[in-house]
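Here's the structure, in structure tokens; my notes come after.
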Amino acid sequence: MDELMRQQSANGQKNRDQELTCSVHFIKPRLCQRDSSESDNELHSVTRLVANTEDLNLDRVFKNVSKEGFQYVESLNRSLFEFGHNFEDVNGWMKMAQPPKDQLSSVLRYTIESHYKTTVQIDINKMYFNCHLIVLQVYSRFFMELKEIPLLVTLPEDRVSQKAFMIIYKWMLSDEPILERQYIVEVFVAATYLRIDDLLMHCWNYFDDIHCFNEDSACILYVETQYHPALDVVRNLMLTRIQKILLTFVATSDFLDIPISHLIYLLSSSSICVNTEIEVLFTAVRWMGHDWNRRREFVLRIVSCIRFKVMPLWYLLYVRRDETHPLIKELLALDEVDRQINDAISSVTSRMYDEKLAGMDCSSAYIQQQEQSLHRRWICDKSCNYFHLIGCPNTREICYKNFENYLIDLQKCSLDHWSKVEMLDLENDVSCCSMRNPLLDDPLLVTSDTSN
């Protein structure tokens with residue numbers, strides 16, 4: 001159908017100037033009984049496009065020509081019309097004013113939009129939609145490729161919901177259709193099943209637009225498409241747009257159910273926004289701890305995504321000594337994790353020593369090391385009570401319990417809290433505690449955090 005429409009559009013004015021025709025299948029009557037050999041050789045049927053009524057004459061169609069190409073002798077008993085006389089020609093006939101006639105397109109549109117003389121019923125869980133099959137066939141390859149013309153078509157509700165079908169049929173009837181965000185997932189699933197390419201492209205116009213789906217809206221769509229295999233590609237796209245809202249997402253129960261491949265992508269991405277690389281470790285622990293018995297087999301894959309070399313040196317020393325969380329302790333007991341931490345300690349101390357010899361302070365050395373490494377997008381969340389920049393005198397120990405408390409605080413924040421978090425510019429000197437929440441100056445709060 002699309003190919004025919006493209007041909008029609010390409011021909012343009014040429015098609016509009018062509019005379020309208022009818023497709024007619026002619027069958028030559030057997031006026032006399034011939035022998036079997038003659039019957040076999042003679043052409044008895046043909047299909048032609050006919051523009052004039054005179055061309056309906058069977059003699060003109062068949063011309064008594066056999067398949068072998070020779071012509072039979074015609075009878076001498078012919079009428080005046082057969083001689084060529086035509087008494088139907090009237091001077092000025094074609095110049096007479098013609099009475100008005102409704103345009104075919106207008107009549108068809110009225111008939112279709114009024115649902116008059118519908119030709120098929122669509123059954124979706126005992127709800128019946130009266131439709132014109134030709135409308136469905138124009139857009140849907142599912143209906144176009146039906147081998148038989150049905151009176152009733154039953155569609156599976158898990159693929160084509162009742163609301164989705166109604167929206168799709170209205171989309172087919174509309175010249176300028178608009179899809180509502182509320183039903184975009186249902187419509188996309190149904191359009192995939194019904195193979196409606198134009199509608200799928202319409203949906204993708206929304207999915208591809210970063211103004212329609214980004215950060216929180218992308219995260220919501222990611223969760224919404226979790227149980228729809230038809231939307232795996234869309235879901236993968238939305239995953240790439242979870243950056244600044246990552247920690248808010250980690251604080252939800254939805255995060256605990258993401259597949260291992262998606263977790264690996266997030267933990268490996270340099271686009272995710274975190275206060276410190278330590279949070280990446282804690283994020284992995286939160287996901288694995290949700291179902292440790294089944295997820296422990298992924299430990300080495302997950303640990304390889306954690307960039308220990310951009311963690312603070314003091315934390316690399318602290319975590320082995322004072323971390324009490326049982327799952328983290330089990331991770332630290334793994335040879336691969338132990339090796340990566342040792343490599344990180346060696347790398348950081350070596351670089352700090354080299355920069356010290358060059359006359360730079362430790363803080364600058366650490367920042368330079370981050371700049372030259374493949375690092376994340378660092379943020380400064382004022383609601384994060386445990387994080388301080390390197391060199392800040394208020395730096396305190398960070399344990400997994402602090403991270404859990406931070407996630408609880410994120411759940412209580414405003415819905416747009418993630419968008420207000422400041423990005424950390426490593427090139428500019430920033431006074432760490434000047435950015436923080438004034439409540440952190442409360443000695444009781446500081447004592448409480450330190451006790452953790």
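Straight-line cross-link reach from LYS356 at under 30 Å between alpha-carbon atoms covers these lysines, not counting any fewer than eight positions away in the same chain: LYS309. Across all Cα pairs in the range 126-167, the calculated P(r) in 5 Å bins from zero up to the longest distance comes to 5, 19, 32, 30, 13, 1 percent per bin. According to the Cα-based calculation, Rg over Rh for the range 194-310 is 1.01, with Rh computed by the Kirkwood formula.
Built from the Cα atoms of the range 137-278, the convex hull projects on average onto 10.1 nm², one quarter of its surface area. Sorted largest first, the principal axis extents computed over the alpha-carbon atoms of the range 118-204 equal 33, 24, 19 Å.
Here LYS420 is the anchor, and the lysines within straight C-alpha reach of less than 19 Å, apart from those fewer than 8 places off in the same chain, are LYS244, LYS382, LYS412. For the range 100-180, the share of DSSP beta bridges that are antiparallel, to the nearest 5, is 60%. For the range 223-252 versus the range 279-348, the inter-centroid distance based on Cα atoms is 25 Å. The value for the range 272-355 of Rg(Cα) / (2.2 N^0.38 Å) is 1.11.
Residue-wise HN-Hα couplings along the range 97-109, as the Karplus relation 6.51 cos²θ - 1.76 cosθ + 1.60 with θ = phi - 60° gives them from phi, are 5, 9, x, x, 9, 5, 5, 4, 4, 5, 5, 5, 4 Hz; Gly and Pro carry x.
The mean sequence distance of close C-alpha pairs (under 8 Å, at least 6 residues apart), as a share of the length of the range 118-179, puts its relative contact order at 34 percent.
Suppose every Lys and Arg Cβ carries +1 and every Asp and Glu Cβ carries -1, with no other charges. What dipole size does the range 85-190 come out with about its Cα centre, to the nearest 20 debye? Before the final figure, lay out each step's value.
Working: 11 positive and 13 negative charges, 23 e Å.
Approximately 120 debye in magnitude.
Leaving out ligands, DNA and RNA, and with a 1.4 Å probe, what % of the accessible surface on the range 154-220 is carbon or sulfur? Carbon with sulfur: 53 percent of the solvent-accessible area.
Once the convex hull of all Cα atoms in the range 242-283 is built, its volume per residue stands at 67 Å³. Highest-first packing order for the peptide set 403-415, 134-146 is 134-146, 403-415, based on the mean count of other beta carbon atoms within 10 Å.
The values are calculated or read from the model by the stated rules, or taken from the named source; none is laboratory data. Nothing here was measured: the structure is a model prediction, and the numbers come from that model. Virtual Cβ from ideal backbone geometry, glycine too; neighbours counted across all protein chains shown. The area values use the complete protein model at the heavy-atom level, side chains included, leaving out ligands, DNA and RNA. Shrake-Rupley method; radii C 1.70, N 1.55, O 1.52, S 1.80 Å.
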